[in-house]
Amino acid sequence: MKNLQQTDSAIYDIIQKETERQEYGIELIASENYTSKAVMEAMGSVLTNKYSEGYVGKRYYGGNEVIDEMEQLAIDRCKELFGCEHVNVQPLSGSPANAAVYLAVLKPGDKVLGLKLDHGGHLSHGHPVNFSGMLYNFVQYEVEKETGRIDMDKVREIALREKPKMILAGFSAYSRNLDWKRFKEIADEVGAITMADISHIAGLIAGKALESPVPYFDIVTTTTHKTLRGPRAAIIMCKEQYAKAIDKGLFPGMQGGPHDHINAGKAVAFYEALQPEFQEYAKNVIKNAQAMANELMKRGYKIISDGTDNHLMVVDMTSKGVSGKESEVALEKVGISTSRSTIPFDTRKPFDPSGLRIGTAAITTRGFTEEDSVKVADIIDRTIQARDDEEALKKIREEIIALCKEHPLYQ
Ligand code: DSN
């Protein structure tokens with residue numbers, strides 16, 4: 001980054017600081033990951049200079065023959081990776097991707113079923129403060145208080161009662177497998193469109209460690225930067241029948257010019273995810289999450305649904321007499337990044353909720369094993385206990401730096 005250093009040393013220095021923070025910190029934010037240098041090189045390329053509103057072979061600007069080649073390659077690789085009939089690789093991020101789907105297949109006021117935010121859903125799945133909840137009539141399903149799991153009989157009951165136009169399955173803080181086939185059966189019973197938002201687990205699906213909704217669902221959205229380990233962006237996959245509406249919903253419906261440099265990064269990420277080692281990665285992400293969850297539970301931490309099938313877990317930190325925010329702050333002091341999270345039926349406020357969401361996608365990328373994941377659980381536990389003891393926290397920080405040095409990231 002010599003040019004940046006010469007032109008703008010302030011931003012260069014900030015990037016150096018962030019590189020250092022990532023290199024010597026333990027990243028447990030469930031929605032984060034470390035993308036490869038190859039993906040970053042594509043994102044930092046001259047493709048950022050181009051305008052290409054429209055789609056392959058049908059652009060509203062000249063000079064797009066090279067961009068067409070890139071976008072077609074991204075499409076072909078994505079189809080091979082997920083086995084989808086159609087994909088739009090242009091969404092800038094997850095919420096715009098979901099917005100484009102709603103715009104394509106719904107009218108304002110139409111009824112949709114989605115998982116409630118504090119039960120593991122997402123803002124764009126119908127929360128009242130989000131455009132989704134303002135423009136559409138979302139009816140929310142929940143997890144069960146006793147099990148922390150979605151009861152599909154209850155989803156069916158709600159669907160039969162409410163007769164939604166669309167049923168949305170997906171989450172940002174739910175650690176159990178979704179029963180895609182059952183969702184589809186219920187949707188068929190009431191004549192609803194099926195939409196899955198697999199943003200959190202797309203990499204685990206691509207790596208064949210989890211079942212895919214793609215064969216069953218009409219529409220599947222995902223971000224590309226979480227377990228899929230690509231650039232910060234999204235895609236929309238769908239059955240051929242919805243292709244035209246989805247493409248129109250995204251452009252001109254929602255977005256203008258696609259970010260070609262980011263789309264090239266997606267193409268690289270799809271290529272990487274098609275390699276056999278990515279399947280190993282996906283399996284290891286889940287093994288690490290399960291090892292960490294088991295160790296935390298052994299130490300008396302309450303995990304919602306008592307474990308995990310994927311890369312994440314939501315820990316009820318009040319089981320240790322501490323709030324989600326206090327936990328996040330204490331862990332930050334030793335160099336562990338996590339995100340506070342509401343838990344189902346939370347009695348605390350979202351800014352300082354009861355839970356902490358933890359994920360293993362990033363640490364697995366840098367080579368942490370199950371044994372390391374158990375060590376991380378031990379470090380979390382000791383940090384929470386010593387949260388007011390600055391000396392003890394300093395020693396834990398040293399341990400973390402040593403652990404990170406065993407698994408170098410970019411250096
Ligand atoms: N912010 C993402 C997450 O953390 O899950 C979802 O948009």
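Remark: the chain is approximated by an ellipsoid whose semi-axes, taken from the C-alpha gyration tensor as √(5λ), come to 34, 29, 18 Å, largest first. Close amide H pairs (under 5 Å, H built 1.01 Å from N) link residue 301 with no residue at least 5 positions away or on another chain. Taking Lys and Arg as +1 and Asp and Glu as -1, the other residues whose beta-carbon sits under 14 Å from that of residue 11 total -1. The label point for residue 402 and the one for residue 208, both projected 7 Å from the Cα toward the Cβ, are 4.0 nm apart.
The Cβ shell under 12 Å around residue 225 holds other residues with a net charge of +3, Lys and Arg each +1, Asp and Glu each -1. Its Cα centre serving as origin, the chain has a Cβ charge dipole (Lys and Arg +1, Asp and Glu -1) of approximately 640 debye. With only alpha-carbon pairs counted, each pair once and no self-pairs, how large is the Kirkwood hydrodynamic radius of the range 253-310 in angstroms? Hydrodynamic radius (Kirkwood, Cα pairs) of the range 253-310 is 14.5 Å. A simple rule links phi to the HN-Hα coupling: the Karplus curve 6.51 cos²θ - 1.76 cosθ + 1.60 with θ = phi - 60°, which for the range 292-302 gives 5, 4, 4, 5, 5, 5, 4, 8, x, 7, 8 Hz, with x for Gly and Pro. Rounded to the nearest whole Hz, the Karplus-based 3J(HN,Hα) values (6.51 cos²θ - 1.76 cosθ + 1.60, θ = phi - 60°) of the range 383-390 follow the sequence 5, 4, 5, 9, 4, 9, 10, 4, with x at glycine and proline.
Taking amide H as placed 1.01 Å from N in the peptide plane, residue 149 has its amide H under 5 Å from the amide H of 144, each at least 5 places away in sequence or on another chain.
Which residues does the label zone of residue 332 cover in the range 21-45, counting backbone N under 16 Å from a point 7 Å along Cα→Cβ? Residues 21-22, 25-30 fall inside that zone. The residues neighbouring residue 392, those whose beta-carbon lies less than 13 Å from its own, together hold a net charge of -1 under the Lys/Arg +1, Asp/Glu -1 convention. Each peptide among 30-41, 219-230, 163-174 gets the average number of other Cβ atoms lying within 10 Å of its residues, and from highest to lowest they stand as 219-230, 163-174, 30-41. For residue 227, the residues whose modelled amide H falls within less than 5 Å of its own, excluding neighbours fewer than 5 places apart on the same chain, are 202, 203. Between residue 319 and residue 345, the contour length at 0.36 nm per residue exceeds the Cα-Cα span by 7.9 nm. Considering only Cα atoms, the convex hull volume of the range 75-116 works out to 114 Å³ per residue. Largest first and in whole Å, the equivalent-ellipsoid semi-axes of the range 235-381 read 34, 21, 14, each the square root of five times a Cα gyration tensor eigenvalue.
With the charge dipole of the range 334-385 set up from +1 on Lys and Arg Cβ and -1 on Asp and Glu Cβ about the Cα centre, the Cα lying farthest toward the positive end among the listed residues 353, 379, 368 is that of 353. List the chymotrypsin sites (Phe, Trp or Tyr not before Pro) within the range 305-378 that fall in a DSSP loop (any state other than H, G, I, E or B) and whose Cβ has at most 15 other Cβ atoms within 10 Å. Loop-located and lightly packed - 345, 351. Protection proxy ranking of 143-154, 14-25, by the mean of other Cβ atoms within 10 Å over each peptide's residues and highest first, is 143-154, 14-25.
What separates the Cα centres of the range 241-272 and the range 1-59 is a distance of 19 Å.
For the range 131-163, the residues whose backbone nitrogen is under 11 Å from a point 7 Å from the Cα of residue 189, taken along Cα to Cβ, are 152-161.
Largest mean-square fluctuation among 391, 71, 162, in a Gaussian network model of the chain whose springs join Cα atoms under 10 Å apart, belongs to 391. For a test of the definition: using alpha carbon positions, the gyration tensor, and the 1.5 limit on a/c, classify the range 138-211 as rounded, prolate or oblate. Oblate is the answer for the range 138-211, as a/c is 1.5 or above yet b/c matches or exceeds a/b. Annotation: the antiparallel percentage among DSSP beta bridges lying fully within the chain is about 55. Each residue of the range 100-105 is assigned a 3J(HN,Hα), and the resulting list reads 5, 5, 4, 4, 6, 10 Hz, derived from the Karplus form 6.51 cos²θ - 1.76 cosθ + 1.60 (θ = phi - 60°), x at Gly and Pro.
We did not get these values from a lab; they are worked out from the coordinates using the rules stated. The structure presented is a predicted model; accordingly, all values stated were derived computationally and were not measured. In this analysis, Cβ positions are derived from the backbone assuming ideal geometry, glycine residues included, and neighbour counts consider all displayed protein chains.
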